[in-house]
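Chemist: Let me give you the structure first, and then I'll get to my questions.
Please treat every number below as a calculation from the coordinates, not as lab data. Everything quoted here is computed from the prediction, not taken from an experiment.
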Amino acid sequence: MATYRASDSKREQFRRYLEKSGVIDTLTSVLVALYEEPDKPNNALDFVKLHLGAAGLDPADAEGLRMELADLQQKCSLLTEENKELRNRLMQYEPSPDEAADA
């Protein structure tokens, strides 16, 4: 009997935690939206994920973003290298601020 009460107590604590954090209300509203949906989706789990904001990206969108990221990283690298070269060229014509202060 004591073990049964302990597990009930833990279950009740967990239920209160879910209520307090808003999980139960959110899940209830999503499930109600699914219930009230006139055209039930083929995949109820996708519906829930979509309405919870956890659907994620389509693989094509993710691949496009990966390609854009790689392109932007390459451009950043090229611009960093160009910046370094231009600074070196500038140093040939102008002394650095440290050298000018010593003079």
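Chemist: List the lysines whose alpha-carbon lies under 27 Å from that of LYS10, not counting same-chain residues fewer than 8 positions away?
Modeler: Here the lysines satisfying the reach criterion relative to LYS10 are LYS20.
Chemist: On a straight-distance basis, which lysines could pair with LYS84 in a cross-link, Cα separation under 24 angstrom, same-chain partners fewer than 8 positions away excluded?
Modeler: Counting by Cα, and skipping residues close in sequence, LYS84 has these lysines nearby: LYS75.
Chemist: Under a cut-off of 23 Å between alpha-carbon atoms, report the lysines in cross-link reach of LYS40, not counting same-chain residues fewer than 8 places apart.
Modeler: Partners found: LYS49.
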